[in-house]
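First comes the structure, then the notes that go with it.
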């Protein structure tokens, strides 16, 4: 799988299942001892809210096609 390949419906379903099984958001970041902990934590925290919206947008656009 590459970034250029479109997500399959199966992959979207798997992402949605992961999202639904995870702890409800919003999520927040906390400090770790990694040199990029802040950037990693910010991405993870934002992903909790962004992933379901991205899945919905992909599905909406596919319905238009």
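Read-outs: derived from the displayed coordinates by stated rules, not from any lab. Fair warning: this is a prediction, and the values are worked out from it, not measured in the lab. Glycine also receives a Cβ, built like all others from the backbone with ideal geometry; neighbour counts cover every protein chain displayed.
Angle check, please: helix 37-64 long axis (alpha carbons) against the longest principal axis of the chain (alpha carbons), in degrees 0 to 90, nearest 10.
For 37-64 against the chain, the angle is about 10 degrees.
Compute the angle between helix 9-21 and the longest alpha-carbon principal axis of the chain, please, reported from 0 to 90 degrees and rounded to the nearest 10.
Taking Cα atoms only, the helix is inclined about 40 degrees.
If I model a spin label as a point 7 Å beyond the Cα along the Cα-Cβ vector, how far apart are those points for residue 19 and residue 51 in nm?
Distance between label points: 0.9 nm.
Can you compute the FRET efficiency between residue 40 and residue 65 using 1/(1 + (r/R0)^6), with r the Cβ-Cβ distance and R0 = 25 Å? Round to the nearest 0.05.
Calculated value: 0.15.
In nanometres, what is the gap between the two model label sites at residue 28 and residue 4, each 7 Å from Cα along Cα-to-Cβ?
Using points 7 Å along Cα→Cβ, the separation is 4.3 nm.
Just want to confirm a number: the relative contact order over region 9-64, from Cα pairs under 8 angstrom separated by 6+ residues, in percent.
Relative contact order for region 9-64 comes out at 37 percent.
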